[in-house]
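The values are calculated or read from the model by the stated rules, or taken from the named source; none is laboratory data. None of these values were measured; they are calculated from a predicted model. Reconstructed Cβ throughout: ideal geometry from the backbone, glycine too, with neighbour counts over all protein chains shown. Each accessible area value is taken on the protein alone, full model and side chains, heavy atoms only, with ligands, DNA and RNA left out. Shrake-Rupley method; radii C 1.70, N 1.55, O 1.52, S 1.80 Å.
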Amino acid sequence: MRTRPLLVYDGDCAFCSSCVSFAERRIGPRCESVPWQFADLDALGVTQRRAQYEVLWVTPVGTVYGGARAVAKLLLSSGGGWSVLGALLALPPARWIAHGVYRLVADHRDRMPGGTPACALPGGRPPGPAAAPAPTGC
């Protein structure tokens with residue numbers, strides 16, 4: 001059983017990989033990180049489609065947060081000023097704004113610095129309701 005949260009990201013996307021590398025070097029989250037391509041998604045209770053759509057934060061007990069909520073959890077785990085930023089991102093209305101900004105960046109990550117055509121989201125649509133768990137409070 002894992003004792004630390006797991007950050008699951010798209011290892012084929014240069015932009016995503018660069019963001020995770022930056023977070024590991026500069027922010028110092030208290031988690032393990034793994035590209036979804038090397039993660040046991042079934043054991044994590046996550047579909048491949050969801051893992052392609054957004055970064056995921058999986059708690060040791062198996063709760064999954066995606067997108068901007070995953071980023072907020074990462075920041076909260078880091079301590080110091082980063083935790084304050086993470087707490088702010090978890091509260092409305094900042095949470096709603098963060099979600100919009102996250103979707104905008106994620107949907108256009110192939111055009112972001114370091115992005116390549118391989119970074120484009122497949123299908124460009126979010127996973128269906130069956131693929132994503134119901135939202136839970138932060």
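Annotations for the structure displayed:
- Residues in the stretch 35-50 that are aliphatic (A, V, I, L, M), surrounded by 14 or more Cβ atoms within 10 Å (Cβ to Cβ) and over 26 Å from residue 83 (Cβ atoms): 41 alone.
- Of residues in the stretch 119-138 being farther than 17 Å from residue 20 by Cα and open to solvent by less than 40 Å² (accessible area, probe 1.4 Å), the one modelled with the highest pLDDT: 121
- Taking the stretch 91-118 as the range and being open to solvent by 40 Å² or more (accessible area, probe 1.4 Å) and in contact (Cβ under 8 Å) with a residue 60 or more places away in the chain as the test, the residues that pass are 110, 112, 113, 114, 116, 118.
- Hits in the stretch 58-73 - residues which are open to solvent by less than 40 Å² (accessible area, probe 1.4 Å) and either of a type in the set (A, V, I, L, M) or touching a Leu at 6+ places or on another chain (Cβ under 6 Å) (or both): 58, 64, 66, 68, 70, 72
- Tally of residues being under 14 Å from residue 66 (Cα atoms), touching a Pro at 6+ places or on another chain (Cβ under 7 Å) and either among the β-branched types (Val, Ile, Thr) or modelled with pLDDT under 95 (or both) across the stretch 1-48: 2
- Residue within the stretch 13-34 that is farther than 23 Å from residue 113 by Cβ and open to solvent by 40 Å² or more (accessible area, probe 1.4 Å) present: yes
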